């Protein structure tokens, strides 16, 4: 009986030892693959690309090749700095995040997340710009034009002063308003343009009806849109969609129509 128990213990110990050895062998095999010269394929994956084509596979490959990782070249880095390449990719305006890793077959996997604009800033005397979902101010591109809400007016010079609208206390409320409109399917389809005056007050121009919507400053956003919803749902159906040419949401508990 004692001998049987001893034999079982020996078998268990041997089994655990074999498992540990296999783990270390696997790690060594993986390390060996990671350390050897890159000679596989470069596989590009771009996320957030539906109707959003500011970057493509060739753009990413150009950056990677610039770092010396061109499989067609005879000489390449023995142990490329993948972290540095990730940072180089993320320095591009339309890339918000990049992850690079190698698989066990020696392929280089590149996963890039593309920024998506939600508004376009129009300036007559300066270059236009986009505002992304995260509030980042982006340049326009010759490659692709995004069909998004327009933002115009003298205040636009203030909007482009910072790299991100979320980093500026004065700009943040305008980004909150733009994001609110973009998140609602009805308002996103209906509000085509914001005009922001020098004093920061906003006029909205709808897509379908002809009223100019005087929104005022970007505050009490949800309350003002509830009033605007009342205007569309309960007033216009009885008066006619183009009966009024102006509606003001600035005053508390009031909808002023003209």
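Read the figures in this text as sums done on the coordinates, not as results from a lab. Owing to the predicted nature of the structure, the values given are computational and were not obtained by experimental measurement. Positions of Cβ are backbone-derived with ideal geometry, glycine not excepted, and every protein chain shown enters the neighbour counts.
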If you take every DSSP beta bridge fully contained in the range 42-114, what fraction is antiparallel? Give it as a percent rounded to 5. 55
More than 26 Å apart: what percent of Cα pairs in the range 117-257 qualify? 22
What does the extension gain come out to for residue 161 and residue 251, with contour length at 0.36 nm per residue minus their alpha carbon separation? 29.4 nm
Ranked highest first by the average count of other Cβ atoms within 10 Å around their residues, in what order do 131-138, 86-93 fall? 131-138, 86-93
At 0.36 nm per residue, minus the direct Cα-Cα distance, what do residue 184 and residue 201 gain on full extension? Give it in nm, one decimal, please. 3.9 nm
If packing is taken as the mean number of other Cβ atoms within 10 Å per residue, what is the order of 246-257, 113-124, highest first? 113-124, 246-257
Length released on extending from residue 233 to residue 47, taking residue separation times 0.36 nm less the Cα-Cα span: 63.2 nm
Rough spin-label spacing in nm, given labels placed 7 Å along Cα→Cβ, for residue 122 and residue 61: 3.8
If you average 1/r across every pair of different Cα atoms in the range 42-114 and take the reciprocal, what Kirkwood value do you get, in Å? 12.6
Residue 241 and residue 170 label points (each 7 Å along its Cα→Cβ direction) are spaced in nm at 3.9
So what is the relative contact order for the range 143-198, in percent, with contacts set as C-alpha pairs under 8 Å and at least six apart? 57
Rh by Kirkwood over Cα pairs, then Stokes-Einstein D for the range 93-200 at 1.002 mPa s and 20 °C, µm²/s: 141
By average C-beta atoms within 10 angstrom, highest first, the peptides 237-244, 175-182: 175-182, 237-244
For the range 42-114, what's the relative contact order in percent, using C-alpha pairs closer than 8 Å and at least 6 residues apart? 41
Kindly state, to the nearest 0.05, the FRET efficiency for residue 221 paired with residue 101, given R0 = 35 Å and r defined as their beta-carbon distance. 0.25
